[in-house]
Amino acid sequence: MDVFVCAGCGAELTAPVSRVALPVHTHHGAWEELHPPLMEPATYAVDPRPTGPPWRRWEEVGEEAAARQGVYTRVYSVSFGARNRIVIAPGDSRSMTLIPDRCDGYCRGVDGRAGPNLACEGCGRAVATRMDDCGMWQTVWLEPDAVVRRPSGRPAGPPPGWDDLRDPEHRVPPVEPDGSLSRRWEAALGVALAHLVAVTEDRPVVLPAGPVSDLFGHAVARCLPAGPGARSVGLAGPGIHPPPPRPDVLLVPRHPLTGAPWRPPGDDGAVVPLDSGVWAYLVHPGETSPVPATGLLPEGVLRDDYPLPPCPGDRPMPHRRAFADTLAGLPEIRSPRLRRFREGDR
Ligand SMILES: [Zn+2]
């Protein structure tokens, strides 16, 4: 396992952590809600894209400079923050203290709008940003230039791999144990829809019957047109091969360590990468239901430790900003066929 130390004084700024893929829902929390930590304990991830301040307005940036930042259509503002910022759970941070005049937030926490708000206790350098305001998954982001990664001396377990997707613990059901809709699912759905729009160039699709249709169908119907010439969609991944011929689009999991989409050997056709936990649920639905599968309580006995089943018709809706931000980050958004999704053209 690794630790991150201060580049200035060498103080250890994290507990021992191991790398995993950047969660799909990293930047997409639910409006006005408090969220749990983004990262599991003892893990870290790296965001290759520029994130955080300074933000510059689209009018000042222009199309070419925005594209270099990974933004391919008009948005309100473009991040010129560092690439490769490192995200950990707040509980894995060590020897850092808040910088009082950088602790602004919207209402219930800090959001890092003024740049790094955590200083190294050893030397006082600004090294990281805590973000825990409403609408944000709780995180601490280490500035890549302010820290150095070192071996911790503690042995790491096997790195995350495709086999992990068979673990029932890996599956993310669309409904939380308390009966509420999963915010992670809604973000994953928004991101997946953006990829589906991009690879189909806004054409109709036919989803496979079963959980994909049940859980994606309503969102796809709102987003993509109906009509002839529909593209076929199928689930595929490690151990899961759709019946031939190959569907036009494969819904595949992202690798738990690299985040790269799974691909059948030798195949370079269209794929839509999914949050691996969401993919694992679609492949094994119903095996993680928090609702007892059999049996009923005796009449007159009231229990409050089982969740209520979700209301009929209550299905996860795609996160709107996750959809829009993901699509803005895909070069395909420049296609004339996707004009209706470009903010500047509306
Ligand atoms: Zn230091």
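The values are calculated or read from the model by the stated rules, or taken from the named source; none is laboratory data. For clarity, every value in this text was computed on a predicted model and none was experimentally measured. For neighbour counting, all protein chains shown are included, and Cβ atoms are generated from backbone atoms with ideal geometry for every residue, glycine included. Ligands, DNA and RNA are stripped out before the accessible areas are found, and what is left, the full protein with its side chains, is counted by its heavy atoms. Shrake-Rupley method; radii C 1.70, N 1.55, O 1.52, S 1.80 Å.
Side notes on the structure shown:
- The set of residues from the stretch 95-129 being open to solvent by 80 Å² or more (accessible area, probe 1.4 Å), in contact with a strand residue (DSSP E or B) (Cβ under 7 Å, 6 or more places away or on another chain) and not in a loop (DSSP other than H, G, I, E, B) comprises just one member, Leu98.
- Number of positions in the stretch 229-244 that are open to solvent by 40 Å² or more (accessible area, probe 1.4 Å) and part of a strand (DSSP E or B): 3
- Residue selected from the stretch 162-205 under the condition over 24 Å from Ala270 (Cα atoms), assigned to a loop (DSSP other than H, G, I, E, B) and among the acidic types (Asp, Glu), by the criterion most open to solvent (accessible area, probe 1.4 Å): Asp178
- Flag for Ser77 being away from the ligand (no atom under 16 Å from the Cβ), closer than 18 Å to Leu327 by Cα, open to solvent by 30 Å² or more (accessible area, probe 1.4 Å) and not hydrophobic (A, V, I, L, M, F, W, C): yes
- Failed item, numbered, when Met131 is tested on (1) without any contact (Cβ under 8 Å) to a residue 12 or more places away in the chain; (2) of a type outside the set (S, T, N, Q); (3) touching a Gly at 6+ places or on another chain (Cβ under 9 Å): (1)
- Residue match in the stretch 146-161 (condition: farther than 28 Å from Pro316 by Cα, within 13 Å of the ligand (Cβ to nearest atom) and part of a loop (DSSP other than H, G, I, E, B)): yes
- Residue in the stretch 95-110 that is hydroxyl-bearing (Ser, Thr, Tyr) and within 16 Å of the ligand (Cβ to nearest atom) present: yes
- Checking each residue in the stretch 44-57 for being open to solvent by 20 Å² or more (accessible area, probe 1.4 Å) and in contact (Cβ under 8 Å) with a residue 24 or more places away in the chain picks out Val46, Pro48, Arg49, Pro53, Pro54, Trp55, Arg56.
- The set of residues in the stretch 17-43 being surrounded by 15 or more Cβ atoms within 10 Å (Cβ to Cβ), more than 13 Å from Gln138 (Cα to Cα) and touching a residue at least 60 places away in the same chain (Cβ under 8 Å) consists of Val17, Ser18, Arg19, Val20, Ala21, Leu22, Val24.
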